[in-house]
Structures are given as C-alpha cells and as structure tokens.
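Peer 1: Below is one structure. I have some questions about it.
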Amino acid sequence: MKDVIVKFDPQNRSLMERLFEPPAIGKMAPFTKVVVYSFLAIWSFFVLFPIYWVIITSFKDAAAVNQGPNFIPFIDFQPTLDAWRINFTADPYCDIASIARQIYLLAHNSVIFVLSPFVSLQPMEPQICKIYLAFTNSVVISIISTIFCVAVGSMAAYALARIQYKPKFGNIMIFVLLILAVTLMTTYSGIPWWMSSAVALALFFFLARSIGRHFKMSLGNGDILFWMISQRILPPIVVVVPLYVMFQAVGLLDTHLALILLYAVANLPIVVWLMHDFFANLPIELEESAQLDGATRFGIFWEIVMPLTRPGLAATTLLILVLNWNEYLFAVFLATVKVQTMPIMVAAKNTGEKGVLWWEMCAVTVVMIIPVIIMSILLTRFISKGVLLGAVKG
Amino acid sequence: MQKPVPQNTKDIQPGNSPAGISSGDKWREWCDRHAGSFFIAPAVTLILIFAIFPTIYSMVFALSRVRFTGDGLKFRYVGFRNFAKQFFGSSEMHFLGRTEPVSILGMIIFAVIVVTVLWWLYRSWKTATWVRMLGRSISAAMAIFLGWILCASLLSGNSIGTLYTTLFYVLFGCAVQFAIGTGLAFLCSQPIRGRNFFRVLFFIPLMVTPLGVGFAMRMIADVTKGPFEPILGLLGLQDWVWSASPWSARFVMVICDSWQWIPFIFICMLAALENVPRDHVEAAQVDGASSFHIFRDVTWPQVVPVAVTVLLIRAIEAFKIMDLPNIMTGGGPGSSTESMTLHSVYVWRANDLGSSAAIAYLLLILTVVVCASFFNYVVLSQIRKA
C-alpha cells in the first residue's frame with residue numbers, strides 16, 4: 001500500500017470539504033449521499049425504461065404503437081390484451097382440446113427426444129399453437145443441455161485439477177492431420193464420411209501406439225485447460241455452416257439432440273473455467289483420506305467433491321441456463337420447423353411484408369424475460385457471496 | 001476395522017484403490033484405473049467433434065468455391081482467392097473500407113506506429129525465447145497491418161469497412177462499458193442502503209435475450225414513434241435521423257450494446273471491490289484521505305487483475321456482436337454498422353459460402369491475435385504483479 005499524503009487541517013476547511021466530510025468511518029456525508037443516490041436512480045431508470053417500454057408495448061394495439069410515443073397506460077392509451085390473445089389463444093387451433101393434444105404430444109416427444117434421429121416423432125403440425133411448442137422446446141433444450149454441459153464440464157474440470165495428464169504433442173499433431181485428411185477426402189473425392197472417419201480413427205490408434213511412444217514433447221494440465229477455455233474465443237459464425245452440413249449428413253438437422261449438443265459445447269469452456277477454480281481450491285486432504293478408505297475416483301467425485309462445491313455448481317448452472325435460454329444463432333441456422341425455440345419466435349414477428357408486429361413481439365419477449373429475471377435474482381445472490389469471483393482473478 | 005491387505009504391491013497405484021481386489025470388483029477396479037480418461041474423454045470428444053472439426057472443415061469452405069447442386073454441395077478448390085478478394089478484390093471496400101488517397105497525417109501516424117512497434121520488437125529481441133519471439137512478431141505484424149488500415153481509411157478521411165467497424169465496437173464499446181460499469185460498481189460498494197436491490201436491478205439487462213434487446217432498442221431509438229420523439233422535438237431535432245449517418249449509427253449501436261453489457265462489468269467489479277479488505281480502506285479514511293485518493297491508491301491496485309480479466313472476457317464476447325446491428329439497422333446505412341459476423345452472414349445469404357467462411361476465418365484470426373496479445377502482455381503481467 002502506497003503512502004497517502006493528504007493535507008488535513010481541521011480548522012480551515014473549504015466548503016467542498018465540509019460538504020463531503022463523512023460524519024464517521026463507514027458512513028457517508030449527506031451531500032455525497034445525495035450524489036450517489038441520484039446517480040444510482042438515474043441508472044435504475046436507464047435500466048428499467050427499455051423493459052418498461054417492452055411491457056407496455058405488449059398491451060398496445062397497432063394504432064397505439066403507430067400514433068407515436070404513448071407512455072402511460074389508461075392515460076395515453078387504452079391497454080388491450082390483443083397481442084397476448086393473438087399469441088396465446090386466438091390462433092384458430094388454440095381451443096382447449098387442441099392445446100391438450102399439443103401438451104400430450106409435447107410430453108410424448110420430450111420423452112423420446114433423444115431418440116429423435118431413430119424414432120419418428122409424432123407429427124406436430126407446426127402451424128398450431130407455435131408459441132407453446134417453442135416454449136416447451138426452449139425449456140426442454142435449455143434444461144437438458146445445461147445439465148449435460150455442467151456434468152461433462154465439471155468432470156473435465158475436476159480431472160484437470162486433480163489428475164496429471166501428459167498428452168504427447170506428436171500424437172495431437174497426428175490427430176489434427178488425420179482430421180484434415182478426412183475432411184479433404186470427404187469433400188473433394190466423395191468418400192462417405194463414416195468410412196473415412198472410421199479408417200482415420202483406426203489409423204490414429206495404430207500410429208499413436210507405434211510411433212507415438214517415441215515422441216518426447218508432452219503437454220501438461222495447464223495447456224489442456226487453456227485449450228478448453230480458449231474455445232470460447234471461436235466465433236460461432238465460423239462453425240455454424242460446417243455444422244449445418246455435418247448435421248445434414250447424419251440426419252440430425254432440426255432435432256432436439258443437435259441443439260442440445262451444440263449449446264452444451266458452446267458453453268463448455270465457461271463451465272470448465274469456473275468449476276476448475278472451485279475444485280482447485282478444495283482441500284485435497286479430504287479426497288486423499290477417502291482414497292485411503294478405498295473410495296473410487298467416481299465415488300470421491302460424486303459423494304465428496306460435488307456436495308462441497310454446491311454453491312459454485314448452482315451459480316454455474318444458472319448462468320449456463322440463461323445463456324442457453326437466450327441462444328439464437330445456432331437455433332436460427334439449425335432449427336427450421338420442429339425445434340423452433342423462443343428467440344426464433346421473437347424474430348419471427350419481424351415479418352417482411354407487414355413490418356415488425358411490435359405489440360405481438362413484445363408479448364413474446366415478456367414471456368421470455370420473466371423466467372430470466374427470476375433466475376438472475378437467484379444468480380445475484382450467489383455472485384454477491386463472491387462465489388464466481390475466484391475464477392475471474394485468474 | 002481391519003482393511004484387506006493387498007497381496008500384490010503392483011495394485012497399489014495412485015488413483016487405484018487397494019480395496020478393489022476381491023473378484024466381484026474387477027469391473028469397478030478397471031473403471032477406477034481408467035478414471036482419468038473417463039473424466040476427460042466426454043469433454044474432449046465434444047470439443048473435437050463440434051468445435052475443432054467444424055473449424056477445420058470451415059477452412060475447406062474458405063478455400064473452395066461452393067455451389068448448391070441437386071445432391072448437396074459441390075466444392076471446387078480455388079486456393080486463397082476467397083481471402084484475396086477481401087483484401088485486394090471486389091470486397092475490399094466492404095471489408096477494409098476505402099484506403100485510396102492517404103493523407104499526410106495518415107502517413108505520419110503510420111510511420112510513428114511502425115517505428116514504435118519495431119522498437120518494441122527490437123527491445124524484446126535479446127531476452128525472449130524463439131517461441132515468444134514468434135508470438136511477438138505475429139502481434140507486431142497485426143499491429144502494423146491494423147495501423148496501416150487505420151491510417152489509410154479513417155485518418156485520411158475515408159470510410160471504414162467492417163473490419164474497423166468491428167474493432168470500433170470492441171475498443172470503444174469496451175472502454176465505455178468498463179468506465180461506466182466500474183463507476184457504478186464503485187458507487188454500489190459505498191455503504192449505501194438497498195445495495196442488494198441495486199445489484200439485482202443492474203444485473204438484469206445482461207440476462208435479457210440479445211435479440212429482445214435488439215428489438216427493444218430499435219423501438220426505443222425510433223425517431224418518430226419512440227419515446228425520445230418529444231425530447232428530440234424540444235431540442236429542435238425533429239428531422240434528425242441517427243440511422244442516416246454512419247457514425248451516429250455506430251454510436252447508437254455502442255450505446256445499445258452497453259445497456260446489455262455494462263451489468264457484466266458492474267457485477268464482476270462489484271464483487272472485486274467488495275473483496276478489498278475493509279480495514280485498508282478504513283485505515284486510509286482515518287488518515288484523512290479523500291475518497292478519490294482511496295480509490296486510486298488503495299482500492300484500484302487490488303482490483304486491477306480482476307479488471308483486466310473482465311475486460312478480456314468482454315472483448316472476446318464483443319468480437320461476436322451480430323444481433324444488434326442486424327436488427328436495428330440491417331447493417332446500414334450502406335454497410336457502415338456491419339460487424340464482421342454480420343458481414344459473413346450477409347455474404348452467406350448471397351450464397352457465396354466460400355467468401356463467408358473466409359470472412360469468418362479472418363474474424364477468428366483477428367480475435368485470436370488481439371485477445372492473445374492482450375492476454376500475454378497485459379493480463380499475465382498484471383496477474384504476476386498482484
């Protein structure tokens with residue numbers, strides 16, 4: 001800590017000093033208080049105004065939107081439920097019976113969604129009650145993807161914090177070259193993708209066993225961790241077109257499984273990064289004594305380590321859940337009909353010929369925002385306890 | 001309780017339980033011995049299949065002319081022509097901006113940049129290993145290239161392309177968001193009432209879907225039907241349209257982007273500020289230091305490592321900006337608010353998959369070099385200092 005040199009003369013204080021002088025340590029001067037609270041109030045207004053505007057617009061009709069700015073319901077304009085009705089009930093098929101059927105189909109399809117490439121889903125006439133379909137899709141995809149991502153990510157993070165890995169640099173180069181060869185073969189000479197990848201995989205294991213043992217240079221855990229985290233730098237636009245072609249080749253286009261896997265991978269770096277920090281900070285003695293008592297690695301991980309990191313786990317899960325809930329780029333490229341998610345519904349209100357149907361779009365956006373606000377309230381409770389700070393410190 | 005004593009000492013290995021000898025536990029023991037692979041294999045496989053492979057595959061796109069035919073895509077190898085097009089060919093105006101008449105000011109500043117970069121490279125020549133030297137050369141090359149484009153386009157009074165629009169969003173956006181976010185965090189770290197309320201409130205924008213933010217901002221920024229119409233009227237600016245001039249449109253983008261991302265800086269910096277030991281601050285207060293001095297000399301040095309890391313994360317995400325310009329202006333006027341991601345998407349929509357992949361690759365290279373340079377020269381040194 002540097003020395004702070006301040007002239008302090010209690011007798012001759014300027015007006016500014018008197019105004020900003022705190023009455024006691026840990027308190028604020030009245031004038032400072034006014035300044036601070038007014039800044040906070042201005043910022044609260046700045047934060048809340050767009051949300052307020054979205055909410056009131058969802059209760060406007062076309063006329064109230066197009067007339068010009070109308071700020072206060074019941075005074076400036078007469079609120080209506082038109083937008084909500086159009087979205088949620090006024091669809092010609094949205095009577096009770098078809099909603100019930102829809103819910104049944106959704107339940108049925110969510111159960112077998114993992115098998116969707118192999119088992120044909122019941123046809124879901126996409127023009128019916130799109131919003132319910134999209135909402136359920138969003139819920140199913142984001143929850144399952146989050147659980148999957150957190151499970152895979154925290155396993156990897158734990159392993160990187162506790163087990164020493166020494167992948168040979170040469171083996172990695174062989175692997176990358178083989179991927180390159182497979183890609184070139186498949187695109188330019190038309191060999192089926194499964195054949196070339198099977199051959200390449202076999203070749204890799206053969207080469208790794210034979211030549212691989214002669215390589216000296218190897219990477220450490222820190223390098224693997226850095227590699228995993230650095231995947232976040234990858235702009236999604238780089239991978240989305242190849243992924244489209246890839247999913248088309250294996251018939252996974254427009255399925256839940258495709259989006260679940262993609263969302264999980266996109267957020268894997270965050271999970272690994274945050275969870276690695278929690279695991280690395282746990283006292284290792286607990287695990288060592290459990291190991292002496294004959295517990296397996298999986299047992300230790302599941303019964304000792306996971307419960308200890310519960311706050312961090314919960315915070316990470318919430319964060320990933322929100323990110324998945326909001327994801328748009330992958331969804332718009334890879335989900336065309338069956339697995340449309342909520343962000344696509346929002347964007348769909350931007351129709352080409354009639355312009356943007358602001359009031360309808362705002363109703364959908366409000367539905368999207370409500371769960372997110374609840375989650376962020378939960379999440380801030382964790383963050384305020386400093387749960388996620390450790391990772392940021394690097 | 002007596003534990004079974006292992007007969008064979010080979011069985012006692014790190015990560016291998018000595019208890020797993022009995023015959024029924026073969027499978028369990030085998031699993032446990034390979035636990036290391038099982039733990040990390042799913043993550044590595046997922047990343048390989050869904051991140052590394054598509055990245056390499058994207059290179060094939062970038063090196064080909066891609067056509068849609070009846071039975072799928074047809075690739076024809078064209079070398080680096082898709083990349084060359086962005087720098088010298090038909091898309092040069094779009095990507096780099098107009099670089100033609102270079103003004104005297106641009107020349108002078110470019111010379112200064114080149115000399116500074118080369119001096120920096122020369123100074124690290126003696127101490128650095130060859131790997132580090134390679135990294136520094138790449139950073140230096142990127143700096144000189146970006147400096148040249150900056151001097152030839154913006155500083156010579158020419159229009160800028162999507163490359164510098166993206167960099168403008170990243171650099172200017174990060175600066176604005178960091179300044180305001182840190183300021184708010186500092187205010188909230190004072191002993192005020194309702195701190196938790198403000199914390200939750202200020203955090204919310206980050207969590208709203210970027211798409212929704214884009215549409216909400218488009219509504220609000222509308223000069224005829226939006227809420228600012230009366231204010232503009234009072235100021236006598238009824239005829240002013242922000243989306244008509246390139247720079248005002250870019251500034252509006254940054255403001256709207258800031259609405260969403262200031263909370264991120266805010267929440268991280270607040271956590272960091274609250275982590276600063278209370279007694280240091282109080283000791284300074286007892287000594288009669290003003291709050292400005294306390295912030296500069298006591299608090300700030302302790303939060304710098306967090307600050308640079310947060311900036312790095314923010315910059316990484318900022319390079320991916322797409323939703324806001326897409327929704328608010330559609331990249332207009334002209335292509336002046338297009339980020340590189342959006343540029344790539346529009347080229348993709350025009351069915352030029354090869355160029356689209358090439359632009360995406362250029363974005364990847366730009367992001368990696370800029371972020372890696374920032375990480376190596378700023379973040380690491382700050383973390384080491386702390």
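Peer 1: Can you go through A:LEU257, A:LEU253 and tell me which one is farther than 15 Å from A:ILE320 by Cα, in a loop (DSSP other than H, G, I, E, B) and hydrophobic (A, V, I, L, M, F, W, C)?
Peer 2: A:LEU253
Peer 1: For the stretch A:346-394, which positions are crowded, with 21+ Cβ neighbours inside 10 Å, touching a Pro at 6+ places or on another chain (Cβ under 8 Å) and modelled with pLDDT under 75?
Peer 2: A:VAL387
Peer 1: Since B:PHE95 meets every condition but one in (1) loosely packed, with under 15 Cβ neighbours inside 10 Å; (2) farther than 30 Å from A:PHE298 by Cβ, which condition does it not meet?
Peer 2: (1)
Peer 1: Select, from B:GLU282, B:GLU274, the only residue that is in contact (Cβ under 8 Å) with a residue 40 or more places away in the chain and at the interface with chain A (Cβ under 10 Å from one of its Cβ atoms).
Peer 2: Every option except B:GLU274 fails the conditions.
Peer 1: Quick check: is even one residue across the stretch B:121-132 outside the structural domain of B:VAL368 (by TED's automatic domain parsing) and in contact (Cβ under 8 Å) with a residue 60 or more places away in the chain?
Peer 2: Within the stretch B:121-132 (the criterion being outside the structural domain of B:VAL368 (by TED's automatic domain parsing) and in contact (Cβ under 8 Å) with a residue 60 or more places away in the chain), the answer is no, since none of the residues qualifies.
Peer 1: Filter the stretch B:194-235 for residues that are among the β-branched types (Val, Ile, Thr) and within 23 Å of A:PHE71 (Cα to Cα); which is surrounded by the most Cβ atoms within 10 Å (Cβ to Cβ)?
Peer 2: Top of the filtered list is B:VAL213.
Peer 1: Taking the options B:ALA143, B:ALA84, name whichever one is at pLDDT 90 or above and closer than 24 Å to B:ALA358 by Cα.
Peer 2: On inspection, the qualifying residue turns out to be B:ALA143.
Peer 1: Assuming B:GLY147 fulfils every condition listed in (1) surrounded by 14 or more Cβ atoms within 10 Å (Cβ to Cβ); (2) under 19 Å from the mean Cα position of the chain (by Cα) apart from one, which condition is it?
Peer 2: For B:GLY147, the exception is condition (2).
Peer 1: Against the definition (at pLDDT 85 or above, over 17 Å from the mean Cα position of the chain (by Cα) and surrounded by fewer than 18 Cβ atoms within 10 Å (Cβ to Cβ)), how does B:ALA372 come out, yes or no?
Peer 2: No, not satisfied.
Peer 1: Under 8 Å by Cβ, and 6 or more places apart or on different chains, what pairs join a residue from the stretch A:33-44 that is among the polar types (S, T, N, Q) with one that is assigned to a helix (DSSP H, G or I)?
Peer 2: Sorted first by the residue in the stretch A:33-44, then by its partner, the pairs are A:SER44/B:PHE198; A:SER44/B:LEU201; A:SER44/B:PHE202.
Peer 1: Tell me, which helices (runs of 4 or more DSSP H) lie completely within the stretch B:155-247 with 2 or more residues that are among the β-branched types (Val, Ile, Thr)?
Peer 2: In the stretch B:155-247, the matching helices (runs of 4 or more DSSP H) lie at B:162-188, B:195-207, B:210-220.
Peer 1: Also, I was wondering about something else. State whether one or more residues within the stretch B:134-157 are over 26 Å from B:SER336 (Cβ atoms) and at the interface with chain A (Cβ under 10 Å from one of its Cβ atoms).
Peer 2: The answer is no; no qualifying residue exists.
Peer 1: So which residues in the stretch B:203-246 are in contact (Cβ under 8 Å) with a residue 24 or more places away in the chain and away from chain A (no Cβ under 14 Å)?
Peer 2: Listed by number, the residues that qualify are B:SER243, B:ALA244, B:SER245, B:PRO246.
Peer 1: Among the residues that make up the stretch B:22-37, is at least one of them modelled with pLDDT of 80 or more, closer than 27 Å to A:LEU184 by Cα and more than 7 Å from chain A (Cβ to nearest Cβ)?
Peer 2: Within the stretch B:22-37 (the criterion being modelled with pLDDT of 80 or more, closer than 27 Å to A:LEU184 by Cα and more than 7 Å from chain A (Cβ to nearest Cβ)), the answer is no, since none of the residues qualifies.
Peer 1: Do you know which residues across the stretch A:191-211 are crowded, with 16+ Cβ neighbours inside 10 Å and of a type in the set (Gly, Ala, Ser)?
Peer 2: Across the stretch A:191-211, the qualifying residues are A:SER196, A:SER197, A:ALA200, A:ALA208.
Peer 1: Something else now. Restricting to the stretch A:61-82, and then to whatever is in contact with a Pro (Cβ under 7 Å, 6 or more places away or on another chain) and more than 7 Å from chain B (Cβ to nearest Cβ), can you tell me which residue is modelled with the lowest pLDDT?
Peer 2: Among them, the one singled out is A:PRO73.
Peer 1: Pick out the one residue from A:ILE86, A:ILE55 that is modelled with pLDDT of 75 or more, surrounded by 14 or more Cβ atoms within 10 Å (Cβ to Cβ) and of a type in the set (A, V, I, L, M, F, W, C).
Peer 2: Just a single option satisfies the conditions, and that option is A:ILE55.
Peer 1: Tell me which of these B:THR45 doesn't satisfy, since it passes every other one: (1) surrounded by 14 or more Cβ atoms within 10 Å (Cβ to Cβ); (2) within 14 Å of chain A (Cβ to nearest Cβ).
Peer 2: (1) is the only condition that B:THR45 fails.
Peer 1: Which residue pairs have Cβ atoms closer than 9 Å, lie 6 or more positions apart in sequence or on different chains, and pair a first residue in the stretch B:360-386 that is over 16 Å from B:VAL170 (Cα atoms) with a second residue that is in a loop (DSSP other than H, G, I, E, B)?
Peer 2: B:ALA360/A:PRO235; B:VAL379/A:GLY394; B:LEU380/A:GLY394; B:GLN382/A:GLY394; B:ILE383/A:LYS393; B:ILE383/A:GLY394; B:ALA386/A:LYS393; B:ALA386/A:GLY394
Peer 1: If you scan the stretch A:287-336, which residues turn out to be of a type in the set (D, E, K, R), at the interface with chain B (Cβ under 10 Å from one of its Cβ atoms) and in contact with a helix residue (DSSP H, G or I) (Cβ under 7 Å, 6 or more places away or on another chain)?
Peer 2: A:ARG297, A:GLU327
Peer 1: Working only within the stretch B:297-311, note down all residues that are of a type outside the set (S, T, N, Q) and more than 9 Å from chain A (Cβ to nearest Cβ).
Peer 2: Matches in the stretch B:297-311: B:TRP300, B:VAL303, B:VAL304, B:ALA307, B:LEU311.
Peer 1: Can you say whether B:LEU163 is farther than 19 Å from B:VAL252 by Cβ and touching a strand residue (DSSP E or B) at 6+ places or on another chain (Cβ under 8 Å), as far as the supplied structure shows?
Peer 2: yes
Peer 1: Oh, and also: Being outside any loop (DSSP other than H, G, I, E, B), within 30 Å of B:VAL370 (Cα to Cα) and either aromatic (Phe, Trp, Tyr) or outside the structural domain of A:ALA280 (by TED's automatic domain parsing) (or both) narrows it down to one of A:LEU203, A:LEU225, A:LEU177, A:LEU207, so name that one.
Peer 2: Being outside any loop (DSSP other than H, G, I, E, B), within 30 Å of B:VAL370 (Cα to Cα) and either aromatic (Phe, Trp, Tyr) or outside the structural domain of A:ALA280 (by TED's automatic domain parsing) (or both) holds for just one of A:LEU203, A:LEU225, A:LEU177, A:LEU207, which is A:LEU177.
Peer 1: Mind checking which residues of the stretch A:135-176 are under 29 Å from A:ARG310 (Cβ atoms) and more than 26 Å from the chain's Cα centre (by Cα)?
Peer 2: A:ARG162, A:ILE163, A:GLN164, A:TYR165
Peer 1: When you go through B:THR341, B:THR337, B:THR367 one by one, which is the residue that is closer than 29 Å to B:ARG81 by Cβ, outside any helix (DSSP H, G or I) and either outside the structural domain of B:PHE251 (by TED's automatic domain parsing) or not hydrophobic (A, V, I, L, M, F, W, C) (or both)?
Peer 2: Matching residue, one of B:THR341, B:THR337, B:THR367: B:THR337.
Peer 1: Quick check, is B:SER258 among the small types (Gly, Ala, Ser), more than 8 Å from chain A (Cβ to nearest Cβ), surrounded by fewer than 16 Cβ atoms within 10 Å (Cβ to Cβ) and farther than 30 Å from B:ALA358 by Cβ?
Peer 2: Criteria not met by B:SER258.
Peer 1: Here's another thing I want to ask about it. Yes or no: B:LEU353 within 9 Å of another protein chain (Cβ to nearest Cβ) and either more than 30 Å from B:TYR57 (Cα to Cα) or in contact with a strand residue (DSSP E or B) (Cβ under 6 Å, 6 or more places away or on another chain) (or both)?
Peer 2: Here the answer is yes, as B:LEU353 does meet what is asked.
Peer 1: I would also like to ask the following. Could you list, in sequence order, the residues of the stretch A:269-291 that are farther than 18 Å from A:TRP302 by Cβ and aromatic (Phe, Trp, Tyr)?
Peer 2: A:TRP273
The values are calculated or read from the model by the stated rules, or taken from the named source; none is laboratory data. None of these values were measured; they are calculated from a predicted model. Note: ideal-geometry Cβ built from the backbone for every residue, glycine included; neighbour counts use all protein chains shown.
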